[in-house]
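Chemist: Take a look at the following structure, please.
The values are calculated or read from the model by the stated rules, or taken from the named source; none is laboratory data. In this text the structure is predicted, and so the values were computed from the model without any measurement. Cβ atoms come from the backbone with ideal geometry, glycine included; neighbour counts cover every protein chain shown. Each accessible area value is taken on the protein alone, full model and side chains, heavy atoms only, with ligands, DNA and RNA left out. Shrake-Rupley method; radii C 1.70, N 1.55, O 1.52, S 1.80 Å.
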Amino acid sequence: MPALEISDLVVEYSSGDYTIRPIDGLSARVEPGELALILGPSGCGKTTLLSCLGGILTPTSGSIRFGEITVPGLEAAALTGYRRDTVGIIFQAFNLVPSLSAIENVEVPLRAAGRSRRTRRQRAHELLDLVGLGDRSHHRPGDLSGGQQQRVAIARALALDPPLILADEPTAHLDYLQVEDILRLLRELATADRVVVVSTHDQRMLPLADRVIEMVPQFGMGEGDPERVELAPGEILFEQGSWGELIYVVESGDLEVGRPRNDGSWETLASLGAGQYFGETGPLFRLPRSATVRARRAAVVTGYSVRDFRHRMGSQGIGAVLADAGDAPP
(Lines give C-alpha, C1' and ligand atoms only; values in the text may rest on other atoms or scores of the structure.)
Protein backbone atom coordinates (compact mmCIF):
# COMPACT_ATOMS: atom_id res chain seq x y z
CA MET A 1 0.00 0.00 0.00
CA PRO A 2 1.16 3.59 -0.65
CA ALA A 3 3.24 5.69 1.70
CA LEU A 4 3.00 9.48 1.96
CA GLU A 5 6.24 11.29 1.13
CA ILE A 6 6.83 15.03 1.57
CA SER A 7 10.11 16.40 0.22
CA ASP A 8 11.55 19.92 0.62
CA LEU A 9 8.07 21.47 0.70
CA VAL A 10 7.87 25.27 0.54
CA VAL A 11 4.72 27.38 0.69
CA GLU A 12 4.84 31.16 0.46
CA TYR A 13 2.28 33.83 -0.28
CA SER A 14 1.97 37.59 -0.33
CA SER A 15 0.37 39.57 2.47
CA GLY A 16 0.18 43.20 1.47
CA ASP A 17 3.69 44.23 0.49
CA TYR A 18 5.34 41.25 2.18
CA THR A 19 6.05 37.59 1.49
CA ILE A 20 5.05 35.05 4.15
CA ARG A 21 6.50 31.53 4.19
CA PRO A 22 4.60 29.30 6.66
CA ILE A 23 6.30 26.12 5.38
CA ASP A 24 9.98 26.22 4.50
CA GLY A 25 11.74 23.05 3.34
CA LEU A 26 9.60 20.48 5.17
CA SER A 27 10.33 16.77 4.56
CA ALA A 28 8.57 13.77 6.12
CA ARG A 29 7.42 10.23 5.35
CA VAL A 30 4.36 8.42 6.72
CA GLU A 31 4.06 4.68 6.19
CA PRO A 32 0.81 2.78 5.53
CA GLY A 33 -1.03 2.01 8.75
CA GLU A 34 0.46 4.96 10.59
CA LEU A 35 -1.28 7.79 12.40
CA ALA A 36 0.84 10.93 11.97
CA LEU A 37 0.36 14.12 13.95
CA ILE A 38 1.17 17.56 12.58
CA LEU A 39 1.91 19.22 15.88
CA GLY A 40 2.24 22.92 16.61
CA PRO A 41 0.47 26.05 17.87
CA SER A 42 -2.12 28.00 15.92
CA GLY A 43 -0.69 29.84 12.93
CA CYS A 44 2.34 27.62 12.40
CA GLY A 45 1.15 26.19 9.05
CA LYS A 46 -0.65 22.98 10.05
CA THR A 47 -3.79 23.67 8.01
CA THR A 48 -1.64 24.93 5.13
CA LEU A 49 0.18 21.60 5.07
CA LEU A 50 -3.07 19.61 5.14
CA SER A 51 -4.40 21.72 2.27
CA CYS A 52 -1.33 20.82 0.22
CA LEU A 53 -1.70 17.12 1.06
CA GLY A 54 -5.35 17.24 0.05
CA GLY A 55 -4.67 18.89 -3.29
CA ILE A 56 -6.52 22.04 -2.23
CA LEU A 57 -3.43 24.28 -2.20
CA THR A 58 -0.49 24.09 -4.60
CA PRO A 59 2.88 24.50 -2.83
CA THR A 60 5.46 26.95 -4.11
CA SER A 61 8.03 24.19 -4.50
CA GLY A 62 8.86 20.70 -3.29
CA SER A 63 7.11 17.39 -3.75
CA ILE A 64 4.19 15.45 -2.27
CA ARG A 65 3.86 11.83 -3.32
CA PHE A 66 1.23 9.33 -2.25
CA GLY A 67 2.27 6.03 -3.75
CA GLU A 68 2.58 6.63 -7.48
CA ILE A 69 0.69 9.93 -7.34
CA THR A 70 2.67 13.19 -7.40
CA VAL A 71 0.07 15.59 -6.05
CA PRO A 72 1.39 19.04 -7.11
CA GLY A 73 1.78 17.86 -10.72
CA LEU A 74 -1.81 16.67 -11.22
CA GLU A 75 -3.85 18.22 -14.03
CA ALA A 76 -7.41 19.39 -13.36
CA ALA A 77 -9.26 16.14 -14.07
CA ALA A 78 -6.70 13.98 -12.26
CA LEU A 79 -6.69 16.38 -9.30
CA THR A 80 -10.47 16.13 -9.02
CA GLY A 81 -10.18 12.34 -9.06
CA TYR A 82 -7.48 12.46 -6.38
CA ARG A 83 -9.62 14.60 -4.09
CA ARG A 84 -12.66 12.38 -4.63
CA ASP A 85 -11.18 8.88 -4.54
CA THR A 86 -7.90 9.10 -2.62
CA VAL A 87 -8.44 11.68 0.13
CA GLY A 88 -11.03 11.92 2.88
CA ILE A 89 -11.03 15.21 4.80
CA ILE A 90 -12.36 15.74 8.33
CA PHE A 91 -12.86 19.47 8.83
CA GLN A 92 -12.36 21.35 12.10
CA ALA A 93 -15.81 22.96 11.85
CA PHE A 94 -17.47 19.68 10.74
CA ASN A 95 -18.87 21.30 7.53
CA LEU A 96 -22.08 19.28 7.63
CA VAL A 97 -25.05 20.45 5.56
CA PRO A 98 -27.56 21.73 8.17
CA SER A 99 -30.65 20.82 6.15
CA LEU A 100 -29.59 17.21 5.62
CA SER A 101 -29.87 14.34 8.09
CA ALA A 102 -26.80 12.48 9.32
CA ILE A 103 -27.26 9.70 6.79
CA GLU A 104 -27.81 12.19 3.96
CA ASN A 105 -24.62 14.04 4.90
CA VAL A 106 -22.65 10.77 4.72
CA GLU A 107 -24.20 10.08 1.31
CA VAL A 108 -22.96 13.38 -0.20
CA PRO A 109 -19.60 12.08 -1.56
CA LEU A 110 -21.28 8.86 -2.69
CA ARG A 111 -23.84 10.84 -4.64
CA ALA A 112 -21.05 12.95 -6.21
CA ALA A 113 -19.32 9.71 -7.25
CA GLY A 114 -22.46 8.52 -9.05
CA ARG A 115 -23.36 5.64 -6.72
CA SER A 116 -26.94 4.34 -6.83
CA ARG A 117 -29.41 5.35 -4.14
CA ARG A 118 -29.50 1.83 -2.70
CA THR A 119 -25.71 1.59 -2.60
CA ARG A 120 -25.44 5.04 -1.02
CA ARG A 121 -27.96 4.27 1.70
CA GLN A 122 -26.42 0.89 2.56
CA ARG A 123 -22.89 2.32 2.77
CA ALA A 124 -24.02 5.30 4.86
CA HIS A 125 -25.82 2.99 7.32
CA GLU A 126 -22.67 0.86 7.66
CA LEU A 127 -20.51 3.89 8.38
CA LEU A 128 -22.89 5.44 10.92
CA ASP A 129 -22.97 2.09 12.72
CA LEU A 130 -19.16 2.09 12.63
CA VAL A 131 -18.95 5.46 14.38
CA GLY A 132 -21.70 4.57 16.86
CA LEU A 133 -24.49 6.69 15.42
CA GLY A 134 -26.75 4.09 13.86
CA ASP A 135 -29.62 5.28 16.02
CA ARG A 136 -29.10 8.94 15.03
CA SER A 137 -29.10 8.48 11.25
CA HIS A 138 -32.14 10.68 10.66
CA HIS A 139 -31.14 13.48 13.03
CA ARG A 140 -29.97 16.76 11.52
CA PRO A 141 -26.70 18.37 12.67
CA GLY A 142 -28.53 20.89 14.86
CA ASP A 143 -29.98 18.00 16.87
CA LEU A 144 -26.59 16.38 17.47
CA SER A 145 -23.86 17.20 19.98
CA GLY A 146 -20.45 18.42 18.84
CA GLY A 147 -18.95 14.98 19.29
CA GLN A 148 -21.77 13.36 17.33
CA GLN A 149 -21.37 15.87 14.50
CA GLN A 150 -17.66 15.09 14.35
CA ARG A 151 -18.45 11.39 14.12
CA VAL A 152 -20.80 12.07 11.20
CA ALA A 153 -17.97 14.03 9.57
CA ILE A 154 -15.62 11.05 10.06
CA ALA A 155 -18.20 8.71 8.51
CA ARG A 156 -18.55 11.05 5.53
CA ALA A 157 -14.76 11.15 5.06
CA LEU A 158 -14.78 7.33 4.91
CA ALA A 159 -17.64 7.10 2.42
CA LEU A 160 -15.47 6.18 -0.60
CA ASP A 161 -12.97 4.24 1.52
CA PRO A 162 -10.03 6.57 0.73
CA PRO A 163 -6.49 5.39 1.55
CA LEU A 164 -5.52 8.84 2.91
CA ILE A 165 -7.47 10.53 5.72
CA LEU A 166 -6.70 14.14 6.70
CA ALA A 167 -8.16 15.63 9.88
CA ASP A 168 -7.82 19.32 10.77
CA GLU A 169 -7.94 19.95 14.56
CA PRO A 170 -10.66 17.29 15.01
CA THR A 171 -10.94 17.84 18.78
CA ALA A 172 -10.96 21.65 18.73
CA HIS A 173 -14.70 22.13 19.38
CA LEU A 174 -15.27 19.16 21.68
CA ASP A 175 -15.49 18.88 25.45
CA TYR A 176 -13.24 16.57 27.44
CA LEU A 177 -15.61 13.58 27.39
CA GLN A 178 -16.28 13.83 23.66
CA VAL A 179 -12.57 13.96 22.83
CA GLU A 180 -11.93 10.41 24.07
CA ASP A 181 -14.35 8.87 21.56
CA ILE A 182 -12.93 10.86 18.64
CA LEU A 183 -9.34 9.97 19.55
CA ARG A 184 -10.24 6.28 19.65
CA LEU A 185 -11.94 6.51 16.25
CA LEU A 186 -8.99 8.28 14.65
CA ARG A 187 -6.58 5.68 16.01
CA GLU A 188 -8.74 2.87 14.59
CA LEU A 189 -8.81 4.51 11.14
CA ALA A 190 -5.07 3.94 10.68
CA THR A 191 -5.00 0.44 9.23
CA ALA A 192 -2.55 -1.45 7.05
CA ASP A 193 -4.12 0.01 3.89
CA ARG A 194 -4.63 3.58 5.10
CA VAL A 195 -2.59 6.60 6.20
CA VAL A 196 -4.13 9.05 8.68
CA VAL A 197 -2.68 12.55 9.16
CA VAL A 198 -4.06 14.77 11.92
CA SER A 199 -3.19 18.41 12.59
CA THR A 200 -3.50 19.35 16.23
CA HIS A 201 -2.14 21.30 19.15
CA ASP A 202 -3.81 18.81 21.53
CA GLN A 203 -1.03 17.04 23.46
CA ARG A 204 -3.46 14.27 24.46
CA MET A 205 -3.06 12.78 20.98
CA LEU A 206 0.68 12.19 21.32
CA PRO A 207 0.44 8.69 22.90
CA LEU A 208 -1.70 7.55 19.94
CA ALA A 209 0.68 8.69 17.22
CA ASP A 210 3.08 6.54 15.24
CA ARG A 211 4.83 9.62 13.88
CA VAL A 212 4.97 13.32 14.81
CA ILE A 213 5.68 16.10 12.30
CA GLU A 214 6.80 19.11 14.35
CA MET A 215 5.85 22.40 12.71
CA VAL A 216 7.68 24.38 15.40
CA PRO A 217 11.29 23.73 16.45
CA GLN A 218 11.97 22.75 20.05
CA PHE A 219 13.66 25.87 21.34
CA GLY A 220 16.47 25.47 23.83
CA MET A 221 15.78 26.88 27.30
CA GLY A 222 18.95 25.57 28.91
CA GLU A 223 22.30 27.00 29.72
CA GLY A 224 25.00 27.44 27.11
CA ASP A 225 27.76 29.73 26.05
CA PRO A 226 26.49 33.03 24.59
CA GLU A 227 26.92 33.28 20.84
CA ARG A 228 28.98 36.25 19.66
CA VAL A 229 28.28 37.34 16.08
CA GLU A 230 30.21 39.90 14.06
CA LEU A 231 28.25 41.49 11.21
CA ALA A 232 29.59 43.35 8.20
CA PRO A 233 27.63 46.36 6.87
CA GLY A 234 24.44 45.09 5.21
CA GLU A 235 24.83 41.55 6.56
CA ILE A 236 21.59 39.88 7.73
CA LEU A 237 21.42 38.31 11.20
CA PHE A 238 18.03 36.65 10.73
CA GLU A 239 15.14 36.95 8.28
CA GLN A 240 11.42 37.45 8.70
CA GLY A 241 9.62 34.10 8.98
CA SER A 242 12.67 32.19 10.22
CA TRP A 243 12.75 30.36 13.55
CA GLY A 244 15.32 31.02 16.24
CA GLU A 245 16.05 30.29 19.88
CA LEU A 246 18.30 33.23 20.77
CA ILE A 247 17.61 36.69 22.15
CA TYR A 248 20.23 39.22 21.05
CA VAL A 249 21.94 42.17 22.70
CA VAL A 250 23.83 44.77 20.62
CA GLU A 251 27.40 45.11 21.88
CA SER A 252 28.54 47.68 19.31
CA GLY A 253 27.57 49.17 15.98
CA ASP A 254 24.14 49.82 14.48
CA LEU A 255 21.44 47.48 13.18
CA GLU A 256 18.11 48.04 11.53
CA VAL A 257 14.90 46.07 11.79
CA GLY A 258 12.70 45.94 8.72
CA ARG A 259 10.88 43.94 6.09
CA PRO A 260 11.71 43.42 2.42
CA ARG A 261 8.74 44.21 0.20
CA ASN A 262 7.74 42.12 -2.81
CA ASP A 263 8.99 44.83 -5.16
CA GLY A 264 12.49 44.49 -3.71
CA SER A 265 12.41 47.69 -1.64
CA TRP A 266 13.04 47.77 2.11
CA GLU A 267 10.89 49.15 4.92
CA THR A 268 12.80 50.12 8.07
CA LEU A 269 10.80 49.60 11.27
CA ALA A 270 13.41 50.42 13.94
CA SER A 271 17.10 51.13 14.55
CA LEU A 272 19.17 49.41 17.22
CA GLY A 273 22.30 50.60 19.02
CA ALA A 274 24.67 49.40 21.70
CA GLY A 275 22.94 48.03 24.81
CA GLN A 276 19.57 47.32 23.16
CA TYR A 277 18.08 43.82 23.03
CA PHE A 278 15.86 42.30 20.34
CA GLY A 279 14.45 39.02 19.07
CA GLU A 280 12.78 37.99 22.33
CA THR A 281 9.25 37.40 20.97
CA GLY A 282 10.11 34.32 18.90
CA PRO A 283 11.92 32.28 21.58
CA LEU A 284 9.56 33.28 24.38
CA PHE A 285 6.33 32.54 22.51
CA ARG A 286 7.59 29.99 19.96
CA LEU A 287 6.73 32.17 17.01
CA PRO A 288 8.62 32.87 13.78
CA ARG A 289 10.63 36.06 13.49
CA SER A 290 8.28 38.86 12.45
CA ALA A 291 10.96 41.05 10.84
CA THR A 292 14.44 40.93 9.32
CA VAL A 293 17.46 42.32 11.20
CA ARG A 294 20.58 43.46 9.36
CA ALA A 295 23.65 45.55 10.15
CA ARG A 296 23.51 49.20 9.12
CA ARG A 297 27.28 49.39 9.75
CA ALA A 298 29.75 46.93 11.25
CA ALA A 299 28.22 45.52 14.42
CA VAL A 300 28.74 42.91 17.13
CA VAL A 301 25.81 41.18 18.84
CA THR A 302 25.61 38.45 21.48
CA GLY A 303 22.85 35.83 21.40
CA TYR A 304 21.53 34.35 24.66
CA SER A 305 19.24 31.40 25.38
CA VAL A 306 16.00 32.29 27.15
CA ARG A 307 17.37 31.12 30.49
CA ASP A 308 20.65 32.98 30.07
CA PHE A 309 18.80 36.11 29.02
CA ARG A 310 16.61 35.89 32.13
CA HIS A 311 19.74 35.58 34.24
CA ARG A 312 21.32 38.57 32.47
CA MET A 313 18.26 40.72 33.16
CA GLY A 314 18.70 39.99 36.87
CA SER A 315 16.44 42.05 39.09
CA GLN A 316 14.64 43.58 36.13
CA GLY A 317 13.09 40.17 35.45
CA ILE A 318 11.44 38.71 32.40
CA GLY A 319 8.13 40.39 33.27
CA ALA A 320 9.72 43.78 32.69
CA VAL A 321 11.13 42.55 29.37
CA LEU A 322 7.67 41.52 28.24
CA ALA A 323 6.24 44.83 29.38
CA ASP A 324 8.80 46.57 27.16
CA ALA A 325 8.30 44.21 24.22
CA GLY A 326 6.45 46.85 22.27
CA ASP A 327 9.62 48.93 22.23
CA ALA A 328 12.03 46.09 21.52
CA PRO A 329 11.79 44.71 17.97
CA PRO A 330 11.22 40.95 17.46
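Chemist: Hey, could you pull the Cα Rg and Dmax for the chain, both in Å?
Modeler: 24.1, 77
Chemist: Hey, what do the phi angles of the stretch 287-301 turn into as Karplus ³J(HN,Hα) couplings, whole Hz, using 6.51/-1.76/1.60 and θ = phi - 60°, x for Gly and Pro?
Modeler: Rounded to whole hertz, the list is 10, x, 4, 9, 7, 9, 10, 9, 7, 6, 9, 3, 9, 10, 10.
Chemist: Still on this structure, please answer the following. To check you understand DSSP bridge types, tell me what percent of the beta bridges within the chain (both residues inside) are antiparallel, rounded to 5.
Modeler: So the antiparallel bridges amount to about 70 percent of the total.
Chemist: Note the full-extension length gain between His173 and Leu206 as 0.36 nm times their separation in residues minus their Cα-Cα distance, in nm to one decimal.
Modeler: That works out to 10.0 nm of additional length.
Chemist: For Val195, what residues show an amide H to amide H distance below 5 Å, using hydrogens built from the backbone and excluding near sequence neighbours?
Modeler: For Val195, the qualifying residues are Gly33, Leu164, Ile165.
Chemist: Follow-up question, since we're still on this one. Report the calculated FRET efficiency for Ala112 and Ser265 (r = Cβ-Cβ distance, R0 = 35 Å), to the nearest 0.05.
Modeler: 0.15
Chemist: Oh, and also: Can you list the HN-Hα couplings for the stretch 52-58, worked out from phi with the Karplus curve (6.51, -1.76, 1.60; θ = phi - 60°), rounded to whole Hz and with x for Gly and Pro?
Modeler: In residue order, the calculated couplings are 5, 5, x, x, 8, 10, 8 Hz.
Chemist: Report ³J(HN,Hα) in whole Hz for each residue of the stretch 132-144, in order, from the Karplus equation J = 6.51 cos²θ - 1.76 cosθ + 1.60 where θ = phi - 60°; Gly and Pro get x.
Modeler: Rounded to whole hertz, the list is x, 10, x, 8, 10, 4, 9, 7, 7, x, x, 9, 10.
Chemist: When the accessible area of the chain is computed with all protein chains present and a 1.4 Å probe, what percentage of it is carbon and sulfur?
Modeler: Reported share for carbon and sulfur atoms: 48 percent.
Chemist: Which order, highest average first, do 118-125, 258-265 follow once you tally other Cβ atoms within 10 Å for each residue and take the mean per peptide? Please report the intermediate quantities before stating the final value.
Modeler: Numbers: 118-125: 16.6, 258-265: 12.8.
Answer by packing, highest mean first, reads 118-125, 258-265.
Chemist: Just order 228-239, 187-198 by mean Cβ neighbour count inside 10 Å, highest at the front, would you?
Modeler: So the peptides 228-239, 187-198, ranked by packing, come out 187-198, 228-239.
Chemist: Shape call for the stretch 1-135 from the C-alpha gyration tensor, a ≥ b ≥ c root eigenvalues: rounded (a/c under 1.5), prolate (a/b greater than b/c) or oblate?
Modeler: Judged from the Cα gyration tensor, the stretch 1-135 comes out prolate (a/c at least 1.5, a/b above b/c).
Chemist: Same structure, new question: Which residue fluctuates the most in the chain, going by a Gaussian network model with Cα springs under 10 Å, if the choices are Ala76, Ala274, Ala113?
Modeler: Comparing Ala76, Ala274, Ala113 in a Gaussian network model of the chain, the most mobile one is Ala76.
Chemist: Which FRET efficiency, nearest 0.05, do Glu5 and Ser290 yield, Cβ-Cβ r, R0 35 Å?
Modeler: Plugging the Cβ-Cβ distance into 1/(1 + (r/R0)^6) gives 0.65.
Chemist: Here's a follow-up. What's the percent breakdown of Cα-Cα distances in the stretch 107-243 across 5 Å bins, shortest bin first?
Modeler: Spelled out bin by bin, the stretch 107-243 gives 2, 8, 15, 16, 15, 11, 7, 6, 5, 5, 4, 3, 2, 1, 0 percent.
Chemist: Over the chain, average the accessible area per residue using a 1.4 Å probe and give it in Å², no decimals.
Modeler: Counting only protein heavy atoms, the per-residue value for the chain is 48 Å².
Chemist: Could you work out [θ]222 nm for the chain from helices alone, using -39500 (n - 2.57) per DSSP H run of at least four and dividing by all its residues? Round to the nearest 500 deg cm²/dmol.
Modeler: Calculated at 222 nm, the ellipticity per residue is -7500 deg cm²/dmol.
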